[in-house]
Amino acid sequence: MLKNNSAAKDTITSVRIKDLNNQLKNIQVFLKNQYKQSIESENRTYIQQILFDNYYVIDNKIKLLLKNKSKTILYTSNEYIPQLGEIILSNCVNSSLPDTTLICDSIAKIQKHRYVTNSEFEYIQWSFSYAIIFEIAKIMHENDKDNNNYLNLISLLTKSDTIDIEQIISERNPLEMLYSSEPCGVYAKMDELTRRIYRERTSYSSKQMKVEELELGQKFLSDTTKAFNDHLPERESHVGFYIFSAYQKCKTSISSRTYIILLTLIPIILSVATSLLLKRFWVCFLVFLPLWEISKPFIDFFVTLKKEPTYFPRMNFNGKIPESAQTAIVISTILTSPKDVLQTREKLKSLYFLNQTTNLKYCLLCDFKPSKSPKMPDDIALVKSMNKIIASLNEEYGDDFFAIIRQRTYSNTEQSFIGFERKRGAISQLINIIKGENIKGLTVIGDKNSLKSIKFIATLDYDTKPLLDTIAELVSVACHPLNIPFISNGVVTKGYGILSPKMSTKLSSSLKTPFARLFGGLGSSSAYDFLCGDLYQDCFNEGIFSGKGLINVDIFHQLCCNYFPNERILSHDILEGSIMRAGFVGDIEFRDSFPLTAMSYFKRLHRWVRGDIQNISYIRKKVPTLIGESSNKLSGFNKFKLFDNVRRCIT
């Protein structure tokens with residue numbers, strides 16, 4: 001059943017994990033047959049009894065190893081067992097794992113004779129588990145009834161995932177040690193997963209470019225050092241800039257121009273074919289948009305077929321926010337009654353405990369309800385109630401809570417007194433306050449001066465719930481050099497001014513009414529999801545802003561605060577995301593509620609449709625701004641997003 005393991009120990013051969021899996025499947029079948037025999041046996045041997053008691057441990061581990069269908073190449077000192085796994089197993093004493101230092105010393109001895117690849121380091125746990133299972137099968141195959149090592153091997157198998165890979169990689173992986181020496185020092189401050197992606201992408205690029213991975217890494221570091229010495233921007237002085245550039249060149253991708261041509265051309269062909277088939281020329285105009293809607297999912301599927309979800313590189317802040325990146329969580333709400341004001345206290349407390357970290361503020365942006373006059377009798381009482389709530393929170397949890405209450409101004413379009421420009425106006429005025437400007441008609445509750453150090457704001461709706469530590473995680477993404485925004489011709493062209501997380505429906509919201517259960521989806525989070533893909537982000541490196549996410553204060557103030565005309569923009573989120581370049585961060589999640597009734601759902605939809613149709617003016621060469629018409633600075637792809645929203649509304 002098992003092949004002979006007497007190949008020369010000094011012979012190093014390369015083998016794909018896919019091929020090792022074939023051997024593993026043979027072992028799985030062999031052990032399964034042995035297990036069946038142990039079940040049927042009335043007088044089990046010592047080895048059979050151990051297999052009978054622990055078969056589920058071995059089988060589960062084999063199934064886990066077989067899930068890895070990678071084409072990665074590992075190196076073996078014989079025909080079957082990866083060398084690093086075999087070395088670790090040989091250093092085990094009884095059922096105890098070897099010390100990490102001993103593992104590093106053993107790898108160092110191998111490195112004197114050959115280069116140990118990045119893939120071998122990444123698959124140390126896999127290789128070690130494989131070596132243990134191979135040894136278990138060998139004992140069973142040789143029918144060594146007196147072998148006392150069998151139970152130790154099973155014990156080691158349960159501990160195989162506890163090997164400290166991070167320390168081994170930091171001490172012995174050539175790429176890790178190379179990149180950690182970059183002059184700007186960013187690499188060493190990144191989180192573990194980001195560093196791993198850097199190494200993996202270097203390894204992938206080296207294979208595609210047919211050069212040694214260490215040689216390619218040295219070239220990247222040389223380019224980084226030159227950029228640093230030439231005082232280029234931090235983005236280009238970081239090794240990741242060159243790693244990602246090379247990786248993208250090795251990956252096939254479709255341009256936004258080609259994608260738009262496909263979306264247009266295929267429906268045209270189908271429309272003309274339909275009109276010819278029916279012998280009615282006018283039919284092609286009638287069915288064009290419906291055929292666009294039908295063909296789009298198929299085109300999107302093939303465009304994203306080999307695209308991996310985008311993982312944003314990030315810094316390792318250990319769940320904290322540094323002083324240089326002070327952030328405020330901002331919730332927009334309307335004050336309608338003292339009871340609603342009291343509920344805001346619980347809302348702020350919930351946000352505090354979900355994202356309790358350093359250098360994070362919690363701010364309410366409050367408007368009074370619309371009315372026919374600028375002031376109402378209960379306004380003063382609402383302000384006093386809010387004062388008490390903010391004062392009590394600051395006394396109990398520290399001076400990190402704020403409320404900004406805006407006075408009503410007259411709106412010609414609404415024919416009533418409301419908060420200026422609603423949410424867009426509230427965000428703009430808050431950012432103006434942060435930048436030190438004096439805004440009339442605002443009541444600031446809390447220490448106004450401490451707002452001036454805010455670098456990012458996380459905008460939420462009142463019913464939006466960021467999950468545990470997600471704000472700090474977004475900040476760690478925003479602070480990475482590759483994500484820092486770069487402005488050209490009035491728009492962000494590199495990096496991201498806005499980071500938008502994945503949105504899911506609250507479980508409680510999706511189950512409240514029959515309508516919500518029918519249309520709200522499953523709700524909550526999937527325990528099996530880690531990274532969510534997005535067509536625009538994965539294919540064209542740019543997402544869509546939906547109003548919830550992290551905004552760079554300086555970039556918003558420079559590009560958006562005084563750009564849009566008053567009372568002309570309803571759906572401002574997509575425009576802000578187009579100007580500031582929104583990034584969709586698919587592994588960070590916020591939850592939102594779903595409309596409970598058909599009426600509330602269609603009211604929201606009506607508002608969205610109105611906004612999308614209003615935005616059609618931003619497809620033209622000249623667009624309306626606060627100071628009159630000016631040249632449109634949106635890219636062709638962002639204009640297409642606006643058009644596609646209108647197309648979807650019409651369809």
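List of remarks:
- Pairs where the first residue, in segment 355-372, is in contact (Cβ under 8 Å) with a residue 40 or more places away in the chain and the second is among the basic types (K, R) and surrounded by fewer than 18 Cβ atoms within 10 Å (Cβ to Cβ), C-beta under 7 Å, 6+ apart: T357/K320
- Failed criterion for H557 (all others in (1) without any contact (Cβ under 8 Å) to a residue 60 or more places away in the chain; (2) open to solvent by 40 Å² or more (accessible area, probe 1.4 Å); (3) closer than 24 Å to T409 by Cα; (4) assigned to a helix (DSSP H, G or I) hold): (1)
- Looking only at residues in segment 360-378 that are out of contact with any helix residue (DSSP H, G or I) (no Cβ under 9 Å at 6 or more places or on another chain) and of a type in the set (K, R), the one that is surrounded by the most Cβ atoms within 10 Å (Cβ to Cβ) is K369.
- For segment 227-255, a residue qualifies if it is assigned to a helix (DSSP H, G or I), in contact (Cβ under 8 Å) with a residue 60 or more places away in the chain and open to solvent by 40 Å² or more (accessible area, probe 1.4 Å), and exactly one does: F241.
- Screening Q614 against (1) surrounded by 22 or more Cβ atoms within 10 Å (Cβ to Cβ); (2) farther than 25 Å from R517 by Cα leaves a single unmet condition, (1).
- Matching option when the condition is aliphatic (A, V, I, L, M), touching an Asp or Glu at 6+ places or on another chain (Cβ under 9 Å) and in contact (Cβ under 8 Å) with a residue 60 or more places away in the chain, among I650, I579, I569: I569
- Criterion violated by G319 - all others in (1) open to solvent by 40 Å² or more (accessible area, probe 1.4 Å); (2) in contact with an Asp or Glu (Cβ under 9 Å, 6 or more places away or on another chain); (3) in a loop (DSSP other than H, G, I, E, B) satisfied: (1)
- Set L531, L535: member being open to solvent by 10 Å² or more (accessible area, probe 1.4 Å), more than 24 Å from E234 (Cα to Cα), touching an Asp or Glu at 6+ places or on another chain (Cβ under 6 Å) and at pLDDT below 80: L531
- Being touching a His at 6+ places or on another chain (Cβ under 7 Å), in contact (Cβ under 8 Å) with a residue 24 or more places away in the chain, part of a loop (DSSP other than H, G, I, E, B) and open to solvent by less than 30 Å² (accessible area, probe 1.4 Å) is a description that applies to F564.
- In segment 44-132, counting only helices (runs of 4 or more DSSP H) that sit wholly within it, the ones holding 1 or more residues that are modelled with pLDDT of 90 or more and either within 25 Å of F30 (Cα to Cα) or aromatic (F, W, Y) (or both) span 46-66, 83-90, 118-122.
- When segment 610-651 is filtered for residues that are outside any helix (DSSP H, G or I) and closer than 16 Å to D573 by Cβ, only L634 remains.
- Where F301 falls short, out of the listed (1) at pLDDT below 95; (2) surrounded by 15 or more Cβ atoms within 10 Å (Cβ to Cβ); (3) aromatic (F, W, Y): (2)
- Residues that are open to solvent by 20 Å² or more (accessible area, probe 1.4 Å) and not in a loop (DSSP other than H, G, I, E, B), drawn from segment 344-359: R345, E346, K347, K349, S350, Y352, F353, L354
- Residues that are at pLDDT below 90 and either loosely packed, with under 14 Cβ neighbours inside 10 Å or of a type in the set (D, E, K, R) (or both) do not occur anywhere in segment 380-395.
- Count of residues meeting criterion [in contact (Cβ under 8 Å) with a residue 24 or more places away in the chain and either open to solvent by 20 Å² or more (accessible area, probe 1.4 Å) or more than 25 Å from N541 (Cβ to Cβ) (or both)] in segment 214-226: 4
- Subset of segment 15-74 (residues that are within 30 Å of T117 (Cα to Cα), exposed (fewer than 13 other Cβ atoms within 10 Å of the Cβ) and basic (K, R)): K25, K63, K67, K69, K71
- Any chance T310 is of a type outside the set (A, V, I, L, M, F, W, C) and either open to solvent by 50 Å² or more (accessible area, probe 1.4 Å) or farther than 22 Å from L451 by Cβ (or both): yes
- Selection status of F134, surrounded by 19 or more Cβ atoms within 10 Å (Cβ to Cβ), out of contact with any Pro (no Cβ under 9 Å at 6 or more places or on another chain), within 30 Å of Y46 (Cα to Cα) and aromatic (F, W, Y): yes
- Within segment 322-335, restricting attention to residues that are out of contact with any Asp or Glu (no Cβ under 6 Å at 6 or more places or on another chain) and part of a strand (DSSP E or B), the residue that is nearest to H238 (Cα to Cα) is T327.
- For segment 591-611, a tally of residues being of a type outside the set (D, E), out of contact with any Pro (no Cβ under 9 Å at 6 or more places or on another chain), over 26 Å from F640 (Cα atoms) and surrounded by 12 or more Cβ atoms within 10 Å (Cβ to Cβ) returns 7.
- The residue that is least open to solvent (accessible area, probe 1.4 Å), counting only those in segment 328-343 that are closer than 13 Å to V383 by Cα and at pLDDT 90 or above, is L335.
The values are calculated or read from the model by the stated rules, or taken from the named source; none is laboratory data. Here the structure is a predicted model, which is why all the values come from computation and not from measurement. A quick note on method: Cβ atoms are made from the backbone with ideal geometry, for glycine too, and the neighbour counts reach across all protein chains shown. Please note that ligands, DNA and RNA were not included when accessible areas were found on the heavy atoms of the full protein model with its side chains. Shrake-Rupley method; radii C 1.70, N 1.55, O 1.52, S 1.80 Å.
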